[in-house]
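The values are calculated or read from the model by the stated rules, or taken from the named source; none is laboratory data. Everything numeric here is computed off the predicted structure, so don't read it as measured data. All Cβ positions, even for glycine, are placed from backbone atoms using ideal geometry, and neighbour counts span all protein chains on display.
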Amino acid sequence: MLLIGNGRLLTLAPDNPFQEEGAVAIEGDRIVAVGPTAELQQRYPEAEWLDARGMVIMPGMTNTHMHLYSTFARGMALKDAPPANFLEILQRLWWRLDKALTLEDVYYSALIPLVDCIKSGTTTILDHHASPRAVRGSLEMIARAARETGVRTCLAYEVSDRDGEAIMREGIEENMAAIKKYRGQEGLLTATFGLHASFTLSDATLAACREAAAEVGSGFHIHVAEGIQDVEDALEREGKRVVERLYDHGILGPETIAAHCVHVTEREIAILKETGTLVVHNPESNMGNAVGCAPVGDMLAAGVTVGLGTDGYTSDMFESLKTANVLRKLVSGDPNAGWTEVPAMVFENNRRILARFFPHPLGRLEPGAYADVILVDYHAPTPLTAANWFGHLLFGFNGGLVDTTIIGGKVLMRERRLLHLDEAAIAARAQELAVKVWERF
């Protein structure tokens, strides 16, 4: 048993989100008690003691749309003219990079951002992977990296028609194998069925994926109306917008994640609500790709569950949270926007989304929840209370202040030091592989 105490407790539980002083008792991979330090020390005298030394004790941050495979794009120069729009970004960068990856590349491109997750306090991710020249075994490489780092991960392979039918079929098989192996387990890993996007999926492929997913009782993880090109393609194919097309093909539902949803109409928002489809907002990526901004306010007002992710742009969810806040203000023209929507996305809706994939609660410090806990070395310069904790988190917290990261009851980082990983050795090997990836690119 592990007892973490002598800190300021940000439980994020709705009835008591903040306590001036407290402790968390952990047994196995779950929290068994939360309360005053002295009380829990008396109740669990034999527990291993971890002194928070006045730091903030809070749940690990979560990321509901991530691309681990994007790692080797860091610092890479394109060999032709800079992309002028979103489709060219895909064609000239991402669809060339993913085809250059080997299975070892997949493994190391996962290790690097998973280490970054630990260092920035992100303890759970829902990944979305592609490596068309190394499909078979790719999700197992990511699973290996997740086990070795200890970061809670949901696997998915993005099926697409863009590389031909044989590779499309391999993608279906890769999803099926991962779902059968990891779905329903109580450990760090689970899986869902990945799809790329409507504009790279034919009617026949959507039907094949729907049939395969039904066999294992899975929903989907898919990009939806991220760029306007996705909308134009759907209209040209069937005279319908993206959400309408996916609805008609049986892709939407309460187990499906629709990432982005930048270009959606009021009617499409109603469909997302009616089907219970889960949406993930990725503000930094949408800004970086210049695709626009999702109508987050409209979706939340309609009752759609909208979570927060990064689309691979960063591993630091504190960074994504800040960006989501200022983007809401900019787009709405309202300086008061973001104060309720952003914490709802990252702390409430991410928790709801993750509940579809993992058997125990995440995102709160409460008995029965997974023991995913971080200590943030933040010493408030003004009063920190149950009423204003989000203002402190928004303007005072960042991933670099995370002192300790615990996932599933295992201490992975203490005093900013990784306890089970050689970060320098991982980075050195990744650099060697990156040179070869860039040459193949």
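Cβ-Cβ distances below 8 Å connect the following pairs, each with a first residue in the range 84-97 that is under 15 Å from Asp311 (Cα atoms) and part of a helix (DSSP H, G or I), a second residue that is of a type in the set (Asp, Glu) and modelled with pLDDT of 80 or more, and a separation of six or more residues or different chains: Phe86/Glu226.
Taking the range 268-293 as the range and being of a type in the set (Val, Ile, Thr) and either part of a helix (DSSP H, G or I) or more than 24 Å from Ala214 (Cα to Cα) (or both) as the test, the residues that pass are Ile269, Ile271, Thr275, Val291.
In summary, Ala337 fulfils each of the numbered conditions (1) modelled with pLDDT of 95 or more; (2) touching a helix residue (DSSP H, G or I) at 6+ places or on another chain (Cβ under 6 Å); (3) of a type in the set (A, V, I, L, M) with the single exception of condition (1).
Table: residues versus (1) under 30 Å from Gly408 (Cα atoms); (2) at pLDDT 95 or above.
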position: Lys273; (1), (2): no, yes
position: Thr277; (1), (2): yes, yes
position: Gly288; (1), (2): no, no
position: Met299; (1), (2): no, yes
position: Ser315; (1), (2): yes, yes
position: Asn325; (1), (2): yes, yes
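Among the residues of the range 82-98, is there at least one that is buried (at least 20 other Cβ atoms within 10 Å of the Cβ), modelled with pLDDT under 95, charged (D, E, K, R) and farther than 14 Å from Asp372 by Cα? Yes - at least one qualifying residue is present in the range 82-98.
Report whether or not Thr102 is surrounded by 24 or more Cβ atoms within 10 Å (Cβ to Cβ) and at pLDDT 95 or above. Answer is no for this residue. Restricting attention to the range 313-341, the residues that are farther than 29 Å from Tyr69 by Cα and not in a loop (DSSP other than H, G, I, E, B) add up to 5. Apart from one condition, Asp116 fits all of (1) closer than 19 Å to Lys410 by Cα; (2) of a type outside the set (A, V, I, L, M, F, W, C); (3) assigned to a loop (DSSP other than H, G, I, E, B); (4) touching a Ser or Thr at 6+ places or on another chain (Cβ under 6 Å); the exception is (3). Each residue in the range 295-311 was checked for being surrounded by 24 or more Cβ atoms within 10 Å (Cβ to Cβ), in a loop (DSSP other than H, G, I, E, B) and not polar (S, T, N, Q), and 3 of them qualify.
Give the residues of the range 340-357 that are surrounded by fewer than 20 Cβ atoms within 10 Å (Cβ to Cβ) and either of a type in the set (A, V, I, L, M, F, W, C) or touching a helix residue (DSSP H, G or I) at 6+ places or on another chain (Cβ under 8 Å) (or both), sorted by residue number. Within the range 340-357, Ala344, Ala355 meet the criteria. When Lys181 is tested against (1) under 22 Å from Gly309 (Cα atoms); (2) of a type in the set (Lys, Arg); (3) modelled with pLDDT of 95 or more, just one condition goes unmet, and that condition is (1).
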